[in-house]
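The values are calculated or read from the model by the stated rules, or taken from the named source; none is laboratory data. Everything numeric here is computed off the predicted structure, so don't read it as measured data. Here the Cβ is made from the backbone with ideal geometry for all residues, glycine too, and neighbour counts use every protein chain on show. The protein model used for the area step is the full one, side chains on, heavy atoms only, and it has no ligands, DNA or RNA in it. Shrake-Rupley method; radii C 1.70, N 1.55, O 1.52, S 1.80 Å.
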Amino acid sequence: MLVLGQTVNQSASAAESRYGATAPKLAEQQSSVGGPTPTTVAEMWSAWCARCHADDGSGKVKEPTITVEPMDFTECKVTTPEPDADWARAIAKGGPGVGLSPEMPGFEDSLTREQISGFVKHMRGFCKEARWPSGNANFPRPIITEKAFPENEFLLLPVVSHATEPSSASATDVGLVAVYERRIGRRAMYEVGIPFYNWDFQTSRASAIGDLAVAIKYAAYASTTTPRIVSFGLEATLPTGELYKGFGKGTVVFEPFIAAGTMVGDWYVQAHGKVELPVDTLVDRAYLYNVYVGRDTSAAPNTWTLGVELNGENRELWVTPQIRKGLTGTGALAASLGASIPVKYRGERVVSWVGYLLWEFLEPLRARR
Amino acid sequence: MGRLFALGILGTIACAALASAAFAQAGSVTGTITTTAKSLAPVRVTIDQKVCGAELADQAVVVDAQGRLANAVVVLTGVKPFDSLTLAQGKRAAAAEPTITNDKCAFAPRVQIARPNANVKTTSKDPILHTTNAQLENGRTLFNVALPIAGLTITKPIGNAGNVRLSCNTHPWMRGWLVVTADAAVVTGADGRFSIDNVPPGTYELRFWHEALKSAPQRITVAAGKPTDLTVQMK
């Protein structure tokens, strides 16, 4: 039952300090009562947790005493994307603390924070395969900055801008990019994105698809102890959009990129840089860079996250303040909204409203009953 | 100052005398809850037998040989707060902070009364993992806390959204109930009897609750200085 919201992240040390601070020490409690006392985390797991989660963490027990099917902790692709903080929260608060089954009880009144931390470490050990990136580097997705952690997600990213230039009269441009992302193996991911546009074109509105984008990404560096990750990728856009209406670039464009993330205190810091290399040499190259800084307002998977991005393209620069919210208890459905405000060439550029609706389709949306 | 003090003493004595007089004029409501239902077969235990035993009585319906029903709740509406009443000993009366004890893989007591917004203590005498999973009757979870060792006591609020059903996620047969009411209320004992004393004369509604059986409310009239006795069958 212990499936954790995926996109809210705290450092392991933050998780350790948050829960169980006032809990009595079990050894002290038990010594006054008598009876056998499990003393190590492994013994506690066997005595208590294995009833539902099994000794090996698979959740497969002979005589289940609960109605939900526990999560298989040996399945690395499901468990590794979760940050330690979510595991600790589930142990401390029980299933509802991370939007999951209330059949998982809370242990915050009976375990110390060190013991909860020990359980998190013990549970991490159920995944026996090496080189899975740690979920501690699985940060909330910014709106524009590419996320370094590989994901299984479906995204809708709307963009709405209203022209302020006198020559454009009153023009509202609407874009919507649909993106499908899927992990490959332990560290890689591919994605496919299709943009749709509805623009003012000459005297009427025009709707069309834009340039189809496909990309691969690989997490080349992911620390297992600290929340740091660096990924490289290559994106290619295909000229499926109509060039003369402004819906596409009219050429294949290769876009190598790098994405990285870390935490500074409680702040997420994510950066992303890429170069657009058109096959048609008449089309200009572009250099893009994005930096995001943000933080959660609570430890719950469906918390509000506040952030701001700097988005640069060649000599242009935008600042994009944004707010993100998990829409379900697990955080598997989330939405973000921001405003992309031009910092340079303000007379020629307009504010765009940007955001996303995100669905982590392998994660449960809520507790199963 | 001395006169004021004397007046205060006199006033206190007068109030106490009036209160005593009022209680002296009060009546009481007593009775027996019966049923034609039979006690249930014991639950066969296959988990933690060293602590729980090989089988446990199913306390969902506890009836004696005369058909008298235990663990039924009798609520006298319209008398608040019930602290002003003397709830008869021998029956489990409402406590300010009810304690739920996990004892030999059963909640003890099985049924108890709690005030709205009370803090409830849960503890365990068993050296095995129990959970106290408190849910409203609509299934909403109030809390679910782990009690992995004997002797640990955890306090949680229950709010005021209705009766609370208790279960244990490691021992599925375990059930308990907190009947949440601000009215005078008692739980019947093993002999099916109940008694609510020091009830001011008047007309009241008496309501009955049981986890598996039902009975319609009754209007009763309490007279000064004598008990109002009744027998109620729950089906």
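Miscellaneous remarks
- Filter result for A:ALA271 (touching a helix residue (DSSP H, G or I) at 6+ places or on another chain (Cβ under 9 Å), in contact (Cβ under 8 Å) with a residue 24 or more places away in the chain and of a type outside the set (Ser, Thr, Tyr)): no
- Considering residues of the range A:93-127 that are in a helix (DSSP H, G or I) and either of a type in the set (Asp, Glu) or at the interface with chain B (Cβ under 10 Å from one of its Cβ atoms) (or both) only, the residue nearest to A:VAL264 (Cα to Cα): A:GLU114
- Of all the listed residues (B:ASN133, B:ASN138, B:ASN144, B:ASN119), the sole one being open to solvent by 30 Å² or more (accessible area, probe 1.4 Å), of a type outside the set (Ser, Thr, Tyr), within 13 Å of chain A (Cβ to nearest Cβ) and within 23 Å of A:LYS93 (Cβ to Cβ) is B:ASN138.
- Residue match in the range A:86-101 (condition: farther than 12 Å from A:ALA300 by Cα and open to solvent by 30 Å² or more (accessible area, probe 1.4 Å)): no
- In this structure, B:VAL164 qualifies as open to solvent by less than 50 Å² (accessible area, probe 1.4 Å), touching a strand residue (DSSP E or B) at 6+ places or on another chain (Cβ under 6 Å), more than 8 Å from chain A (Cβ to nearest Cβ) and among the β-branched types (Val, Ile, Thr).
- Candidate set: the range B:194-235, residues that are among the charged types (D, E, K, R) and in a strand (DSSP E or B); chosen: the one nearest to B:VAL111 (Cα to Cα): B:ARG207
- Verdict on A:ARG285 being open to solvent by 60 Å² or more (accessible area, probe 1.4 Å), within 24 Å of A:ALA215 (Cβ to Cβ) and without any contact (Cβ under 8 Å) to a residue 24 or more places away in the chain: yes
- Qualifying residue in the range A:144-156 (condition: in a loop (DSSP other than H, G, I, E, B) and over 25 Å from A:GLY294 (Cα atoms)): no
- For the range A:306-331, the tally of residues that are farther than 26 Å from A:ARG182 by Cβ and surrounded by fewer than 21 Cβ atoms within 10 Å (Cβ to Cβ) stands at 12.
- Positions within the range A:72-81 being closer than 17 Å to A:VAL98 by Cβ and open to solvent by less than 10 Å² (accessible area, probe 1.4 Å), in sequence order: A:PHE73, A:THR79, A:PRO81
- Test: residue in the range A:255-273 that is over 17 Å from A:VAL291 (Cβ atoms), open to solvent by less than 20 Å² (accessible area, probe 1.4 Å) and of a type in the set (S, T, N, Q): no
- Checked against (1) in a loop (DSSP other than H, G, I, E, B); (2) open to solvent by less than 10 Å² (accessible area, probe 1.4 Å), A:ALA334 passes all but condition (1).
- Flag if A:ALA85 is more than 29 Å from the chain's Cα centre (by Cα) and either in a helix (DSSP H, G or I) or closer than 30 Å to A:ALA148 by Cβ (or both): no
- Residue match in the range A:49-68 (condition: open to solvent by less than 10 Å² (accessible area, probe 1.4 Å), modelled with pLDDT under 90 and either assigned to a loop (DSSP other than H, G, I, E, B) or not assigned by TED's automatic domain parsing to the domain that holds A:LYS147 (or both)): no
- Pair list, Cβ under 6 Å, 6 or more apart: the range B:35-49 residue away from chain A (no Cβ under 14 Å), other residue open to solvent by 80 Å² or more (accessible area, probe 1.4 Å) and in a strand (DSSP E or B): B:PRO42/B:GLU55
- A:ALA130 surrounded by fewer than 23 Cβ atoms within 10 Å (Cβ to Cβ), more than 14 Å from chain B (Cβ to nearest Cβ), free of Cβ contacts under 8 Å to residues at least 12 places away in the same chain and not hydroxyl-bearing (Ser, Thr, Tyr): yes
- Scanning the range B:111-131 for residues that are free of Cβ contacts under 8 Å to residues at least 40 places away in the same chain and touching a Leu at 6+ places or on another chain (Cβ under 6 Å) yields a single hit, B:SER124.
- Residue within the range B:170-181 that is more than 7 Å from chain A (Cβ to nearest Cβ) and among the polar types (S, T, N, Q) present: yes
- Residue in the range A:342-365 that is within 29 Å of A:SER101 (Cα to Cα), open to solvent by 20 Å² or more (accessible area, probe 1.4 Å) and in a strand (DSSP E or B) present: yes
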